[in-house]
Amino acid sequence: MGENVRGRAVLVTGAARGIGQAIAKRFAAAGDRVAILDKVPAGVAGDLVAGLEGSGHVVVEADLLDAEAVRAAVDSGAGQLGGLDVVVNNAGIFVAHPITEVDYATWQKHWQATLGVNLVGAANVTWCAVEHMRRQGRGGRIVNVSSRGAFRGEPEVPAYGASKAAVNSLTQSLAIALAPDRIAVSAVAPGFVATDMTTDWLKPPGGDEIRAQSPFGRVAEPGEIAAGVFYLASAEAEWASGTILDLNGASYLRT
């Protein structure tokens, strides 16, 4: 894969906070150049770049629901980094909308937004990134952030669970389609992770029940998910293409 003395060119979506931020920091600490693709509030971009080790990092802004903005952002990130070697589709929406508790308009709104970001947004980022990777001719890595909810079901957030199941299917379809270009495609499937997105979910008493789902009695830290992503993006992980790596502390075991 295209690793050199300047490190790899890495694009991470949703890296302004949480798991995505931990992923961006992990790559930067290894000497890679990182493009953060996110909806970034005014004045925050400089702080995000300053929080990463090394140099050459950039922020490119886009709403993943806007296909043309996604294309422009990916192209800009690739242009500023000098190409793309790794893409991590991390951005996601996780909003409760149980079918028996929301009205029809709310139901539609959450399905459209969740699938638009978690699935279609990731698919669009990937299409745009693959254009650069294939043109470069040096292979690459695409790592998608899925969820254990893709396997066990998510009654409180059904659109989220469905979107992540579709991300797994997309991962495996593209692992086959892109192998001739030496582009490996894989995914990580975390359980609950301690981020600002899950703060309310992890408050007692519900949070105690969530932590008890794992025999370790806790939820993951963002850095633990970043470690899995970093491995799947490595040169040694080509043979892991098509893999969905469970990172849930044995809170949900599938066969």
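Worth a mention:
- Close amide H partners of ASP246, meaning residues 5 or more places away or on another chain with modelled amide H under 5 Å apart, are ALA189.
- Amide H within-cut-off set for VAL157, under 5 Å, with H built and near neighbours excluded: HIS97
- Helix axis angle, 158-178 relative to the chain longest principal axis, alpha carbon, degrees: 30
- The angle between the Cα long axis of helix 67-81 and the main principal axis of the chain comes to about 50°, on a 0 to 90 degree scale.
- Efficiency of FRET between ARG134 and ASP66 - r from beta-carbon atoms, R0 25 angstrom, step 0.05: 0.55
- Over all directions, the projected convex hull of the C-alpha atoms in region 9-247 averages 13.0 nm² in area.
- Range of Cα positions in region 93-173 per principal axis (Å), largest first: 50, 24, 16
- Helix 222-232 and the longest principal axis of the C-alpha atoms of the chain enclose an angle of approximately 50°.
- Charge sum, other residues only, whose C-beta stays under 15 Å from LEU115's C-beta, Lys/Arg counted +1 and Asp/Glu -1: -1
- Compared with the alpha-carbon gap, the fully stretched path from GLN80 to ALA235 is longer by 53.5 nm at 0.36 nm per residue.
- Shown is the FRET efficiency for VAL44 and ALA96, computed with R0 = 30 Å from the Cβ-Cβ distance and rounded to the nearest 0.05: 0.65.
- Each peptide in 210-217, 25-32 gets a packing score, the mean of other Cβ atoms within 10 Å over its residues, and the list from highest to lowest is 25-32, 210-217.
- Calculated mean residue ellipticity at 222 nm for the chain: -12000 deg cm²/dmol, from DSSP H runs with n ≥ 4 weighted as -39500 (n - 2.57), summed, divided by the residue count and rounded to 500.
- Mean Cβ count within 10 Å, highest first, over the residues of peptides 83-90, 235-242, 190-197: 83-90, 190-197, 235-242
The numbers here are math on the coordinates, done by the rules we state, and not lab data. The shown structure was predicted, so the numbers you read here are calculated from the model rather than taken from an experiment. Note that we place each Cβ from the backbone using ideal geometry, even for glycine, and neighbour counts take in every protein chain shown.
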